[in-house]
Each structure stands twice: as structure tokens, then as C-alpha cells.
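Below is one structure, written out as C-alpha cells; comments come after it.
The values are calculated or read from the model by the stated rules, or taken from the named source; none is laboratory data. Please read these numbers as outputs of a predicted model, since none were measured by experiment. No Cβ is skipped: glycine too gets one built from the backbone with ideal geometry, and neighbour counts run over all protein chains shown.
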Amino acid sequence: MYNSRKAFANGKIITDGQLLENAILVIWKDKIEAILSDQNSLEGMDIIDVGGAYICPGFIDLQVMGAGGALFGGNPSVESLKIMEQELLKQGVVGFLPTVSTNTNNVIYDAIDSALDFRSLTRGTFLGLHLEGPFINFKNKGAHPTEFIREASVSELEQWLERGNGEIKMLTLAPEKQNQEVMNWLEQKDLVVAMGHTGAQYQEANTFLSGKRKAITHLYNGMPSLHHRAPGPIAAIFEKKPFTSIVADGIHVDFAMVALAKRNLNDALYLISDAATPCDVGVYKHTERHDRYVTVDQLSKNEVLSGSKLTMLRAISNCVKFVGIDLSEAVNMATLYPAKVLGIQNSYGSIQIGREASFVIFSESFEIINVIYKGEFV
């Protein structure tokens, strides 16, 4: 499988906020061995000329509901995780949290059990679960079904975490809807606790964002807007600067508001796809509408926005083209910064000597040319 060193030459390497022109990335087996500038030292290597394309770390997506026709978020199974992993790898995603939105207890348990079963089968990109709900505010529910929304209890959370055996990495909730016992308990757990689908007032959000560093799920969506007489959670977010995800598709959030968030949050702002996939079974029936997914709210019978069609590379492209973010910084938002949210930045999010050789080669028009995962072409 590994006959010789591979040298990816004539590339522009983007990592840790820097762009290295005319760089050569050398890998040996599944590790990055060197970053060079002199082609004279490549004797005996397999040289892959990338033709001036960009080379960046593999992407990390901490909120994705489905891919490739498999909606794990609504119909969890080992098979759907396999399909998601394969499809997302083709898109350059080397680490992802399949996301389960508000649903029945049975679906949540199926998701946990599927995660446990898939752990021995994954190629390595499956990082664990993101549970988005059901402990949210029904007034800010978005596409989440009202009938399954409820308040959390310590006993139920203990059951989930014990059953999950470390697979639950992130939990999105509305803190204003939880009792103090729950919030104190969560503060002590090795779990990323995020505020989302929330109606929290400014002071409530401030209180939640105190203590250990928290996260915010899809900024602006599923929360009150910024208002001069009722600053709400967004003002608190801009002040406290927690890890904050955003859906940069121009549909969930206008690009002018992405720019505002970037100016206020800087390296705390990271990209997610929040991507769905067509599905006609289960609670979440996602229908494709050109550039987005929608579902029908069971109470109002109206169509509501239910997921994006973003890839992580498209989100980067949007940040560069429509928000004015520098390319190297936009790449950080899809690689290094989400890795920091999970505390895995020593293994993911950068191209560094000695690290796993997992990276994306893409063109100036933001099209994927190749994905290399653990030293092999995907």
C-alpha cells in the first residue's frame, strides 16, 4: 500500500491561518513527513503535481444531520453512519458529529446504540454524537416537533451518558428552560454544552456563558434577534465569545450578518454545514427546494427551513466571496476552530509534521480535486 514517499508539489498549503506558496507536502505512509520548498530534494519520491491548487487540512463538521441519502438525524442506524462517512469523506470531511434533532426517546436510544456499534467499523472520521434537543424552547423550535420538546432531568441525562459510553460529545439545549440542578450537573461533565433553539434573555444567556467555556448552536437561527431594548442572547454571545457555529449559506443567515458575527467573535466563530438530505420517513421529512431543505410544521402546516445543502468547502467559499474573510482564515473556521471546540486540535485542524496525512486539495474555483485520508486517495 505504501511503496514510497509521496510528494504533493506545486501547491499552496493553507494551515493555521497561513498560506505557503509553491510548497511541497511530503507524506510517508499515513503521516506528514515534511513541508518543503525545494524540488531538488524529491529524488525517489512519487511526485504528484497539484498544479497550483490549494492544500488544506481535512474539514471538521460538528453539525450534520445526513448525507448521501442517509438521514441519521431522523432515522439512526449503523448503515446510515456508513453512508454518511463515505459521502462526507468525498467532501473532504475528516471528522464529523452526526446530529440528532428533537425526537422520540426510541430514536435517541437508537442513535446512541448505533454510535456504539459503529465505533469499531468507522474509518476514523466519526467523532461521536451531537444531540440537538429535545431540551429546547418550543417558541424557538424552528423545524423541531413540538410534541417531543421537554425539560431535562439529571436522571435522564445520566442514563444517556452512561449508555453512550463517551459517544455523546455535544448537547444543544435552551438553558432558560432547565433547572439549576441540571445546569450544575452539566457544568461538571466532559461534554460540550451549547445554547440553541433558545429564548434566553440577555442576563440568562450571560449566566449560562459563565463558568467553563460553552458553545452556541447556529448563531441567529432559533433565537431572538438583537434588539436595542431587548438585547437577548446575541448581545451576550458577542460579549462572552463562546465557541459559536454559523450556517454560512446566505439562506439561514444573510452574509452581512456573518460579517457582523466575524467582527465580534473572531476566532470563536466556526462553520457547520447543518446539512440534511432528502427523506420521506420518520419525524423529519426533508424536501429539497433548490438551495435548501424544508419540512412541514405539523401545527401550522407551513413549510419551514429544516436544513442546508452546504458542504464545508462551499461554506468556506461563501465566506471568502460574499463575506470578505481571508481564505486562510475561512479555512481555519472549518478546520482548526471546530477542532478546538472538541479539544482535538492536537490531532486535527492543521497540517503539521508528524500528524496524520489527511487533507483536501481544491481549486481556485473551490472545487475538490482530491481528498487524502490517512495517506491514501479517497
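Residue by residue through the range 139-156, note down the ones that are in a helix (DSSP H, G or I) and under 20 Å from GLY73 (Cβ atoms).
First, pick out the residues of the range 139-156 that are in a helix (DSSP H, G or I): 139-140, 146-148, 154-156.
ASN140, THR146, GLU147, PHE148, GLU156 - these are the residues of the range 139-156 that are in a helix (DSSP H, G or I) and under 20 Å from GLY73 (Cβ atoms).
Among the residues of the range 198-213, is there at least one that is modelled with pLDDT under 95, at positive phi and out of contact with any strand residue (DSSP E or B) (no Cβ under 9 Å at 6 or more places or on another chain)?
Looking for residues that are modelled with pLDDT under 95, at positive phi and out of contact with any strand residue (DSSP E or B) (no Cβ under 9 Å at 6 or more places or on another chain), one finds at least one in the range 198-213, hence yes.
Could you list, in sequence order, the residues of the range 139-191 that are free of Cβ contacts under 8 Å to residues at least 24 places away in the same chain and under 21 Å from GLY343 (Cβ atoms)?
GLN188, ASP190
Could you say whether any residue in the range 328-347 is surrounded by fewer than 17 Cβ atoms within 10 Å (Cβ to Cβ), farther than 21 Å from THR99 by Cβ and more than 18 Å from the chain's Cα centre (by Cα)?
no
Give the number of residues within the range 178-237 that are closer than 24 Å to GLY307 by Cα and aliphatic (A, V, I, L, M).
Selection size over the range 178-237: 12.
Would you mind finding the one in ILE369, ILE344, ILE351 that is among the β-branched types (Val, Ile, Thr) and part of a strand (DSSP E or B)? Working first, answer last.
Values: ILE344 fails: part of a strand (DSSP E or B); ILE351 fails: part of a strand (DSSP E or B).
Answer to the selection: ILE369.
Answer yes or no: is there a residue in the range 69-92 that is in a strand (DSSP E or B), under 16 Å from the mean Cα position of the chain (by Cα) and on the phi < 0 side of the Ramachandran plot. Walk me through it before giving the result.
Kept after step one, since they are in a strand (DSSP E or B), are these residues of the range 69-92: 70.
Filter again for under 16 Å from the mean Cα position of the chain (by Cα), leaving none.
No, there is no match, as no residue in the range 69-92 is in a strand (DSSP E or B), under 16 Å from the mean Cα position of the chain (by Cα) and on the phi < 0 side of the Ramachandran plot.
Could you check the range 151-189 and list, in sequence order, the residues that are closer than 22 Å to PRO242 by Cα and among the β-branched types (Val, Ile, Thr)?
Those that are closer than 22 Å to PRO242 by Cα and among the β-branched types (Val, Ile, Thr): ILE168, THR172, VAL182.
Please go through (1) free of Cβ contacts under 8 Å to residues at least 12 places away in the same chain; (2) closer than 24 Å to ALA256 by Cα; (3) hydroxyl-bearing (Ser, Thr, Tyr) for THR198 and return the number of the only condition it doesn't satisfy.
(1)
Would you check if there is a residue in the range 229-248 being in contact with a Cys (Cβ under 9 Å, 6 or more places away or on another chain) and surrounded by 21 or more Cβ atoms within 10 Å (Cβ to Cβ)? First the steps, then the outcome.
So the first thing to find is which residues in the range 229-248 are in contact with a Cys (Cβ under 9 Å, 6 or more places away or on another chain), and the list is 248.
With the extra rule that they be surrounded by 21 or more Cβ atoms within 10 Å (Cβ to Cβ), the set shrinks to 248.
Yes, some residue in the range 229-248 is in contact with a Cys (Cβ under 9 Å, 6 or more places away or on another chain) and surrounded by 21 or more Cβ atoms within 10 Å (Cβ to Cβ).
Which one of these is in contact (Cβ under 8 Å) with a residue 40 or more places away in the chain and surrounded by fewer than 16 Cβ atoms within 10 Å (Cβ to Cβ): GLY58, GLY73, GLY92, GLY51? Working first, answer last.
Numbers: GLY58 fails: surrounded by fewer than 16 Cβ atoms within 10 Å (Cβ to Cβ); GLY73 fails: surrounded by fewer than 16 Cβ atoms within 10 Å (Cβ to Cβ); GLY92 fails: surrounded by fewer than 16 Cβ atoms within 10 Å (Cβ to Cβ).
Residue meeting the stated conditions: GLY51.
Could you tell me whether ILE60 is more than 18 Å from the chain's Cα centre (by Cα) and part of a strand (DSSP E or B)? Reasoning before the result, please.
Numbers: more than 18 Å from the chain's Cα centre (by Cα): no; part of a strand (DSSP E or B): yes.
Here the answer is no, as ILE60 does not meet what is asked.
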